[in-house]
1. Per DSSP H run of n ≥ 4, the term is -39500 (n - 2.57); total these for the chain, divide by its residue number, and report the mean residue ellipticity at 222 nm rounded to 500 deg cm²/dmol.
2. Considering amide H positions built from the backbone, and no H for Pro or chain starts, which residues 5 or more places from Cys72, or on another chain, come under 5 Å of its amide H?
3. When every alpha-carbon pair in region 389-503 is counted, what percent end up more than 16 Å apart?
4. Taking the simple approach of a point 7 Å from Cα along Cα-to-Cβ for both Ala354 and Arg113, what is their distance in nm?
5. Taking Cα atoms, how many degrees apart are the long axis of helix 116-131 and the longest axis of the chain, rounded to 10 and kept between 0 and 90?
6. Binning at 10 Å from 0, report for the chain what percent of all alpha-carbon pair distances ends up in each bin.
7. Mind ordering 257-264, 63-70, 49-56 by average Cβ neighbours within 10 Å, highest first?
8. Could you list log10 I(q)/I(0) for region 4-278 at q = 0.11 Å⁻¹, which the Debye formula gives when each Cα is one point scatterer?
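Read the figures in this text as sums done on the coordinates, not as results from a lab. Computed from a predicted model, the values in this text were never measured in an experiment. Because the Cβ atoms are built from the backbone with ideal geometry, glycine has one as well, and the counts that use them run over all protein chains shown.
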Amino acid sequence: MKKDKLIIFDTTLRDGEQSPGASMTKEEKVRIARQLERMRVDIIEAGFPAASPGDFDAVRAVAGAVKQSTICALSRAIENDIRRAGDALQPAQSGRIHTFIATSPIHMEKKLRMSPDQVLEQAVKAVKWAREYTDDVEFSPEDAGRSDLDFLCRILEAVILAGAKTLNIPDTVGYSMPEQFGALIRNLKSRIPNSDRAVFSVHCHNDLGLAVANSLSAVMNGARQVECTINGLGERAGNAALEEIVMAVRTRQDYFPCESGIDATQIVQASRLVSGITGFAVQPNKAIVGVNAFAHESGIHQDGVLKSRETYEIMRAEDVGWSANKLVLGKHSGRNAFRTRLTELGIDLGSEEALNSAFARFKDLADKKHEIFDEDIQAIASDEAVISAPEHYKLLSMKVCSETGEVPSATVRILVGGAEREGVAEGGGPVDAAFKAMEAIVSSGAELQLFSVNNITSGTDAQGEVTVRLFRDGRIVNGQGADTDIVVASVKAYIAALNRLKSGLDRLNPQL
Ligand code: KIV
Ligand code: ZN
């Protein structure tokens, strides 16, 4: 018997972007959207057009660039928001407006200061405004997880009559328990008289670590769309992770009554791209996309896997896009070999210029590191995808001295708007000294909020990938740098963050 389709709605570019420090430029959003399209995501929520002119432009750009997935724009249940969403979606081949209003007693009373009847009336109006632009309208009763069931039934019945085709049930604050959330979907479906005229969707937050469990419980109780994000990015503790939802449903086809159309082999590349662009590193033990997700350490496990893989593996690493960590290219490989390997890895850099720049990085790396693995190539591609801000600051050279019993010191030479400057400083360690040397030149006044180092492949000659997060005047920016020398990688990351701070590319707060 043919199974139902599970619609995958990705909100990395909207809810994901609401994580402090995860805001993205228009170009970065388009790159991620293209990767989501390659992965065959059904619906891509590209942003919240009424939030800012930048968000409007980004949704419009994504709507123009992506053809295979439906592009969705979020709007409050306010006429102006909906018109902005409708206008931003103009270039889309297939566009959806997603409108929401809160329905829980606490939100209606304290935040909206509206009665339930007023909320219901506004929701109906919003859906009708949205229908002026598209037949594909989604409605969300925000904070449904803490809303009254009778009221939810009433408002959802009314929005279906007004023309909503998808009813998205959000557990906005991540409060629900899996059984309870599943029962909510079951009850809504059975009690709303016209429920068969809409697709039920869920949108779960991870405050108690239950976003994926709640979403899957909803699927078992009739939900046929799941809203999720790459790497579980999202407001506060994040949203349900797309890779976990997709792989749970795929791995347990004996259990789930539906299947998604996702090309799972694109998952790791999507994860890398999102992590590279946002600077949010993926924890090593993260399911599916963490570097240890398929690593076996204990002798008993290794022995079992060597004898028969299925003893300890329920999925194959290559099915989600992990490469076999094989040596692919070297110092003498040419541009064509590099381009071919990128294609084999499913990476599209989008332009000849980006390819040339990635190839130059590859050559640099091949000079320092003899063995170049797929992971190195993916890291180069992710770096290239992080559209950097105009290079106001540029590293020319640096020297660090670190010796037992001596205070570490650093000399950094950088270009500042074309003029060469040198800074010298001492610090608690070589990285601290190098950062202080840069601050001696730029005096940014920014606070260092995060400094993290990841090795891309194993071995002492592996590239270190550093993420630096800076905070100044209410703005948070990330910078990333990769190099076989982690102090150099750190300085590159610091400079990337300073350039972003300088450019003003990042938005203050994507959510209204
Ligand atoms: O968490 C939430 O309730 C949302 C809605 C806008 C769907 O993000
Ligand atoms: Zn949300």
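1. -12000 deg cm²/dmol
2. Here Ile44, Glu45, Ala46, Arg96 satisfy the definition.
3. When every Cα pair of region 389-503 is considered, 58 percent fall beyond 16 Å.
4. 4.7
5. Helix 116-131 and the main axis of the chain meet at about 70 degrees.
6. Once binned at 10 Å, the Cα pair distances of the chain give 4, 18, 27, 24, 16, 8, 2, 0.
7. Those peptides, ordered most packed to least, come out 49-56, 63-70, 257-264.
8. Log-scaled intensity ratios, in q order: -0.54.
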